[in-house]
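Here it is: the structure, laid out below.
The values are calculated or read from the model by the stated rules, or taken from the named source; none is laboratory data. Bear in mind the structure is a predicted one, so any value in this text is a computation, not a measurement. Reconstructed Cβ throughout: ideal geometry from the backbone, glycine too, with neighbour counts over all protein chains shown. Accessible surface areas use protein heavy atoms only, side chains included; no ligands, DNA or RNA. Shrake-Rupley method; radii C 1.70, N 1.55, O 1.52, S 1.80 Å.
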Amino acid sequence: MKTRITEMLGIEYPIIQGGMAWVAEHHLAAAVSEAGGLGLIGGANAPGEVVREEIRKAKALTKKPFGVNVMLMSPYADDVAKVVVEEGVKVVTTGAGNPAKYMKMWKEAGIIVIPVVASVALAKLMERGGADAVVAEGTESGGHIGEATTMTLVPQVVDAVEKIPVIAAGGIGDGRGIAAAFMLGAEAVQMGTRFVVAKESIVHENYKQRIIKAKDIDSAVTGRTHGHPVRCLRNQMTREYNRLEAEGKSFEELEYLTLGTLRKAVQEGDTTNGTVMAGQIAGLVTKEQTCKEMIDEMMEQADKLLGGCQK
């Protein structure tokens, strides 16, 4: 299935793995790339040298293209932005802001820049700023979210950006989701939650099982009143957060409650008091597979639904 995205990135399948904090490290990124997609290392709030080490470890595991997600709100964003250039990374995705200040440096280094956007206005701004593509991410996705759904956002972004391709994200977990994204005008998909339960994922088994056992109604959003909504699976932590939020506690007090809770869930397996970030698609994820098994299965299903056509 060839699209402008597969051609641009030099990948076999139009599937990109999300740059999830604490989850998207070198094992997972390399496994997704080896399986024909584009793996991403999540920069998150990690210092530049930590990201550098992850890049080098991924290079030791795969010769195929992979990228780095730069979280623009990170205190180390400036350092990570330079590290991706120094290490010869070919693709960068960005989240939580506008990457304009790094664009010249990245473009001069020949890096493909793909910002994640949650609105048409930001997508147009990114196109004008020199982005090579955009990820239109709907509110169904896990972690930090916008308001528009994938179904409504993707076609509007596709219509708004004239020269660059669009990647759909949010609520996509199988071949049906991929086919639907293509029908909306996307030329690739980005997926996070499905890859969290991959055999190559270093996430704690408790976290994986929480996703595998999740039902359609298990998704919760915290932080709406302060303008920083985050989607995760319901547990003791989300209930406590929502209770305090309803009482009108300050953003700083609520942030303190969640400090270190994602790491606690991912690394220690505390799915009661930790933050179990996952998209609404979690209810559709029912088994642990290798990245290759996942991608092969999804592409076979998508190909059948799209009638074996090539875009």
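Within segment 48-67, how many residues turn out to be open to solvent by less than 50 Å² (accessible area, probe 1.4 Å) and either in contact with a Gly (Cβ under 6 Å, 6 or more places away or on another chain) or in a loop (DSSP other than H, G, I, E, B) (or both)?
So the answer is 4.
So which of Glu300, Glu268, Glu293 is open to solvent by 80 Å² or more (accessible area, probe 1.4 Å) and free of Cβ contacts under 8 Å to residues at least 24 places away in the same chain? If you could, list the steps in order and put the result at the bottom.
Details: Glu300 fails: free of Cβ contacts under 8 Å to residues at least 24 places away in the same chain; Glu268 fails: free of Cβ contacts under 8 Å to residues at least 24 places away in the same chain.
Matching residue, one of Glu300, Glu268, Glu293: Glu293.
Does segment 204-216 hold any residues that are part of a loop (DSSP other than H, G, I, E, B), in contact (Cβ under 8 Å) with a residue 24 or more places away in the chain and open to solvent by 70 Å² or more (accessible area, probe 1.4 Å), and which are they?
Lys215, Asp216
Please state which of the following conditions Phe195 fails to meet, knowing it meets all the rest: (1) crowded, with 19+ Cβ neighbours inside 10 Å; (2) at positive phi.
For Phe195, the exception is condition (2).
Can you say whether Ala81 is open to solvent by less than 30 Å² (accessible area, probe 1.4 Å) and of a type in the set (Gly, Ala, Ser), as far as the supplied structure shows?
For Ala81, the condition - open to solvent by less than 30 Å² (accessible area, probe 1.4 Å) and of a type in the set (Gly, Ala, Ser) - is met.
Please pick out the residue among Lys311, Lys264, Lys304 that is assigned to a loop (DSSP other than H, G, I, E, B) and either at pLDDT 95 or above or basic (Lys, Arg) (or both). Explain how you work it out, then say what you get.
Working: Lys264 fails: assigned to a loop (DSSP other than H, G, I, E, B); Lys304 fails: assigned to a loop (DSSP other than H, G, I, E, B).
Only one candidate qualifies: Lys311.
Given the condition β-branched (Val, Ile, Thr) and touching a helix residue (DSSP H, G or I) at 6+ places or on another chain (Cβ under 9 Å), answer yes or no: does some residue in segment 238-246 qualify?
For segment 238-246, residues β-branched (Val, Ile, Thr) and touching a helix residue (DSSP H, G or I) at 6+ places or on another chain (Cβ under 9 Å): absent.
Identify all residues within segment 144-176 that are buried (at least 24 other Cβ atoms within 10 Å of the Cβ), touching a residue at least 60 places away in the same chain (Cβ under 8 Å) and not in a loop (DSSP other than H, G, I, E, B); write none if there are none.
Ile167, Ala169
Does Ser201 satisfy being out of contact with any Cys (no Cβ under 7 Å at 6 or more places or on another chain), in a loop (DSSP other than H, G, I, E, B), under 27 Å from Gly130 (Cβ atoms) and among the hydroxyl-bearing types (Ser, Thr, Tyr)?
So Ser201 fails the test.
Among the residues of segment 237-253, is any open to solvent by 50 Å² or more (accessible area, probe 1.4 Å) and of a type in the set (Val, Ile, Thr)?
no
Moving on to the next point. Within segment 12-21, which residues are under 18 Å from Gly143 (Cβ atoms) and open to solvent by 10 Å² or more (accessible area, probe 1.4 Å)?
Of everything in segment 12-21, those that are under 18 Å from Gly143 (Cβ atoms) and open to solvent by 10 Å² or more (accessible area, probe 1.4 Å) turn out to be Gly19, Met20, Ala21.
Quick check on Gln280: is it touching a strand residue (DSSP E or B) at 6+ places or on another chain (Cβ under 8 Å) and open to solvent by 40 Å² or more (accessible area, probe 1.4 Å)?
Spelling it out, Gln280 is indeed touching a strand residue (DSSP E or B) at 6+ places or on another chain (Cβ under 8 Å) and open to solvent by 40 Å² or more (accessible area, probe 1.4 Å).
Among Ile172, Ile212, Ile217, which is the only one that is within 30 Å of Thr3 (Cβ to Cβ), aliphatic (A, V, I, L, M) and out of contact with any His (no Cβ under 6 Å at 6 or more places or on another chain)?
Of the residues listed, the single one that is within 30 Å of Thr3 (Cβ to Cβ), aliphatic (A, V, I, L, M) and out of contact with any His (no Cβ under 6 Å at 6 or more places or on another chain) is Ile172.
Okay, moving on. Could you check segment 267-296 and list, in sequence order, the residues that are part of a helix (DSSP H, G or I) and under 20 Å from the mean Cα position of the chain (by Cα)?
Gln267, Gln280, Ile281, Ala282, Gly283, Leu284, Cys291, Lys292, Glu293, Met294, Ile295, Asp296
Looking only at segment 22-36, decide whether some residue is out of contact with any helix residue (DSSP H, G or I) (no Cβ under 7 Å at 6 or more places or on another chain), under 24 Å from Val276 (Cβ atoms) and open to solvent by less than 20 Å² (accessible area, probe 1.4 Å).
Scanning segment 22-36 turns up at least one residue that is out of contact with any helix residue (DSSP H, G or I) (no Cβ under 7 Å at 6 or more places or on another chain), under 24 Å from Val276 (Cβ atoms) and open to solvent by less than 20 Å² (accessible area, probe 1.4 Å).
Checking Ala181 against (1) at pLDDT 95 or above; (2) assigned to a helix (DSSP H, G or I); (3) over 19 Å from the mean Cα position of the chain (by Cα), only one condition comes out false. Which one?
Ala181 satisfies every listed condition except (3).
From Gly192, Gly138, Gly97, Gly130, grab the single residue that is farther than 18 Å from Leu40 by Cβ, within 15 Å of the chain's Cα centre (by Cα) and not hydrophobic (A, V, I, L, M, F, W, C).
The match here is Gly138.
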